[in-house]
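Asks: Provided herewith is a single structure, encoded as structure tokens, for subsequent inquiry.
Only the coordinates and a few stated rules stand behind these numbers; no lab work does. Nothing here was measured: the structure is a model prediction, and the numbers come from that model. Cβ coordinates were reconstructed from backbone atoms using ideal geometry, including for glycine residues, and neighbour counts include every protein chain displayed.
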């Protein structure tokens, strides 16, 4: 029997996917207005996927463990940046440099993740705002280390990294020595013009890395610890009664996320080619989270599909709006403000929808429970 | 001894450290060649500027909506009031009153909507408040560009369109409170009007919290089940508290502008909630408990540290670590409050 | 209390081994990936009191790369990855016979080193031909950047909205 599609189904589909639908409409409107060529857009989107997907993927595991959106991924980004600062200062180049940066970043990310996880265990039920504040707090500590610690306490002296005054890291560090070394290791170029420029570049190795991480996440869901995390995410008390070490599992989820975020930041920055020591990390959490939510994820549910759809839609909007603003109103700045408004707005909308949905579900289950009791009494 | 420990515990270790730090700063200051009286003047001036924004935290904490990270919404109402007052072109003290009057309807409407929204997301208020604040700031950034303002003091000179990032309040309500009723004793100058202005609103809030509606609001925050049982309309109380907070936020920013001298538009209000939130927490409030004393103590401590650290540090070690220290202290304080077990489940 | 047996079980050793392997990898990457600058130099040089005159003509290839021709007072810099490298020199003797020097292997110890062709031609051991080259930092033309300001600005919310990602 064919299932009838009722208006209720349509409404449910719409309400569950409202954010991606808004974005698809928005992009559909902006594409002709901005007037970019299809080839340019595809190339740009491939670049954005390469840059950001590792970062966005790092958000999945805490969501699985019921800890919401991990705003503390900024901590991982800081760890990755510290790794890159060291590597640039030592002048380790190319892929070995990035690998070494990852090795240096890992223990830092583990410690930071452990700190974040233990803090979140003390703030159950308000993980998101707490992880958000942790990222702010740690930003101060990071600045203390990088601005006053590096040079006198942590012996770095390379003038490309350290300020002439002898302490503190420069505002921007040129990552020329490691720039795009993973991407260019094995890149396929399509549709280039006769000068060999333009067209679409596909960095194969980076894609292999990203696919590998996706597979790891898929595999991880099926392991014992992954199952535990899902149980904890479903209901902490039930999980505890089933003998799962809830606190430990939650800390582990955050640690894994932080470490992946550190690797993601290294990939992101090596693709960008410059490190803004005091800025790069602070916005990355917000943009990654917005991208994930645009892909249709919610605070309690997110999949790999959401990650990629989200990055494509969100970054398409990001590329299009300044140009669309310029063409439409004659001011690119409006487009820039608009895209920031949209990123914040998307997060707000998703959070609100999630809270409303959870409350409705709670109310429904309570009603069902009451109904069941009544029927029992009758029988 | 036990009692002393008890008091100490109630006071909280971070608060104790911050107080001692501030006292130490004041003790060191003369040796570093900084005049104590000038410092006190500075701290009190900052207190007058910022205290009302900190006061804006109180109603929402009382009704159980948590820390008002959505303060930028209130600030935006204030900015709308300020820009409209300047647009009318009336100079002098009247412009300050006009700004308050103009910002009030915006604060009430925005606060009402914001309150309705927060009622639908009970339990997740703080995170959503943060992002409501951010999105409204971003939205208003677009609006400042396209709203049809025309006063030449505010609009970009060369395009004649869109507001400037900072607008001077000079000639309008610059130092309107600061310079009224100020007492000068040597280098020490205290602006009575500013403090009285704050005291007036602090008193109103205090008195309000002791009226029937006020106690109902507190009941909603401290024990929602009991409040519901005794027939209090929870949602209405919460909306009312949010409107009050938003309006106080608007007043707060106007008071800030008259002291600071500039109206900051665009991204200016983005992170203004954080100092206010951490000030009230330093003053001894928690996520679900706050009073006027917390506001006063907190603002003095916070502003004291903010104004004293740079000068003392600079003259002692010739390194300005104050900004970084401020970030660590203020955000660490918020983090401490959020992770305390005693806080409600919210 | 955990007993000694519990602590020193097989897992402990596996983890220890993993950490050792990773540290070893890090050390390897440090040595393998570190880029040092080598200046190949054809100047008259004095080493241990003996003066070695610059070669009139020489052809030098570092690590088997494309050979470069040198005239006196020439200096070319090579960015080299790793520690151990080779240099092959061909030079003219007084009667204009091209002589190929056997390939010399050497190690780079400093971030920036200078290797002297005349000293190598004279047959000095490679270690004596290499000196540390201290780069004189160019005087900063631009005003010194001030991260403190950047932080203050960032906290005020500026520079937020126009970020490229």
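Asks: Can you pull the one-decimal nm distance between simple spin-label points at residue B:97 and residue B:225, each 7 Å off the Cα toward Cβ?
Replies: 5.1 nm
Asks: May I ask you to compute the full-extension gain from residue B:21 to residue B:151, defined as 0.36 nm times their residue separation minus their alpha-carbon distance, rounded to one decimal in nm?
Replies: Difference between extended and current length: 42.2 nm.
Asks: How high is the FRET efficiency from residue C:39 to residue A:211, r the C-beta distance, R0 51 Å, rounded to 0.05?
Replies: Values: r = 44 Å, r/R0 = 0.86.
That gives a FRET efficiency of 0.70.
Asks: Calculated FRET efficiency, residue C:84 and residue C:23, Cβ-Cβ r, R0 22 Å, to nearest 0.05? Please report the intermediate quantities before stating the final value.
Replies: Numbers: r = 22 Å, r/R0 = 0.98.
Between residue C:84 and residue C:23 the formula returns 0.55.
Asks: Sticking with this one: So how far apart, in nm, are the two label points at residue A:153 and residue A:42 if each is 7 Å from Cα heading toward Cβ?
Replies: Spacing of the two 7 Å Cα→Cβ label points: 5.1 nm.
Asks: While we're looking at this one, here's another question. Based on alpha-carbon centroids, what's the gap between the stretch B:148-183 and the stretch B:1-60 in Å, whole number please?
Replies: 32 Å
Asks: Also, I was wondering about something else. With angles folded into 0 to 90 degrees, how steeply does helix A:332-378 sit against the dominant principal axis of chain A? Use alpha carbons for both and round to 10.
Replies: The helix A:332-378 is inclined about 30 degrees to chain A.
Asks: Sequence gap at least 6, Cα distance under 8 Å: using those rules, report the relative contact order of chain A to the nearest whole percent.
Replies: Relative contact order for chain A comes out at 30 percent.
Asks: Which order do the peptides B:215-222, B:142-149 take when ranked by the mean count of other beta-carbon atoms within 10 Å per residue, highest first?
Replies: Working: B:215-222: 20.6, B:142-149: 15.8.
Packing order, densest peptide first, comes out as B:215-222, B:142-149.
Asks: For A:270-278, what's the mean count of beta carbons from other chains sitting within 10 Å of each residue's beta carbon?
Replies: On the way: counts 0, 0, 2, 0, 0, 0, 4, 2, 8.
Per-residue shielding by partner chains comes out at 2.
Asks: For chain A, set up a GNM with springs between Cα atoms under 10 Å and report which of A:356, A:251, A:45 has the largest fluctuation.
Replies: A:356
Asks: Okay, moving on. Using Cα atoms only, what is the angle between the long axis of helix A:73-90 and the major principal axis of chain A, expressed in degrees (0 to 90) to the nearest 10?
Replies: The helix A:73-90 is inclined about 20 degrees to chain A.
Asks: Using a Gaussian network model on chain B with a 10 Å cutoff between Cα atoms, which of B:200, B:172, B:69 fluctuates the most?
Replies: Highest fluctuation of the listed residues: B:200.
Asks: Per residue of B:314-326, count partner chain C-beta atoms within 10 Å of its C-beta, then hand back the mean as an integer. Walk me through the intermediate numbers first.
Replies: Values: counts 0, 0, 0, 0, 0, 6, 4, 5, 2, 11, 13, 3, 4.
Whole-number average of other-chain Cβ neighbours for B:314-326 is 4.
Asks: Evaluate the stretch A:221-281: find the radius of gyration of its Cα atoms, find its Kirkwood radius, and give the ratio Rg to Rh. All intermediate terms of the calculation are to be shown ahead of the outcome.
Replies: On the way: Rg = 16.5 Å, Rh = 13.5 Å.
Radius of gyration relative to Kirkwood radius: 1.22.
Asks: Sticking with this structure for a sec: Have a look at B:181, B:25, B:251 and tell me which one the Gaussian network model of chain B (Cα, springs below 10 Å) gives the largest fluctuation.
Replies: Looking only at B:181, B:25, B:251, the largest GNM fluctuation is found for B:181.
Asks: Another question, if that's okay. Please state, as a whole number in µm²/s, the translational diffusion coefficient that the Stokes-Einstein equation yields for the protein assembly as shown at 20 °C and 1.002 mPa s, with Rh defined as the Kirkwood radius across alpha carbon pairs. All intermediate terms of the calculation are to be shown ahead of the outcome.
Replies: Values: Rh = 30.8 Å.
Calculated translational D: 69 µm²/s.
Asks: Further question: Tell me, in nm to one decimal, what length is gained between residue B:11 and residue B:181 on full extension, where the rule is 0.36 nm per residue of separation less the Cα-Cα distance? Walk me through the intermediate numbers first.
Replies: Working: separation 170, 0.36 × 170 = 61.20 nm, distance 3.48 nm.
Length difference between fully extended and current span is 57.7 nm.
Asks: Residue B:212 to residue B:318: extension gain in nm, 0.36 nm per residue of separation minus the Cα-Cα distance?
Replies: Details: separation 106, 0.36 × 106 = 38.16 nm, distance 5.51 nm.
Extending this stretch completely gives an extra 32.7 nm.
Asks: Contact order normalised by length for chain B, with contacts defined as Cα pairs under 8 Å and 6 or more residues apart; what percent is it? Write out the running numbers ahead of the final one.
Replies: Values: 567 pairs, mean separation 109.3, N = 346.
The value is 32 percent.
Asks: Mind checking the angle between helix A:127-144 and chain A's longest principal axis? C-alpha axes, 0 to 90 degrees, to the nearest 10.
Replies: 20 degrees
Asks: Whole angstrom only: what separates the Cα centroid of the stretch A:324-377 from the Cα centroid of the stretch B:270-306?
Replies: The distance from the Cα centre of the stretch A:324-377 to that of the stretch B:270-306 comes to 31 Å.
Asks: Also, quick follow-up: Mind giving me the nanometre distance, one decimal, between the label points for residue C:56 and residue A:14, set 7 Å out from Cα along Cα→Cβ?
Replies: 9.2 nm
Asks: Inside 10 Å of the C-beta atoms of B:66-73, what's the mean count of C-beta atoms belonging to other chains?
Replies: On the way: counts 2, 2, 0, 3, 0, 0, 1, 0.
Per residue, the number of nearby Cβ atoms from other chains is 1 on average.
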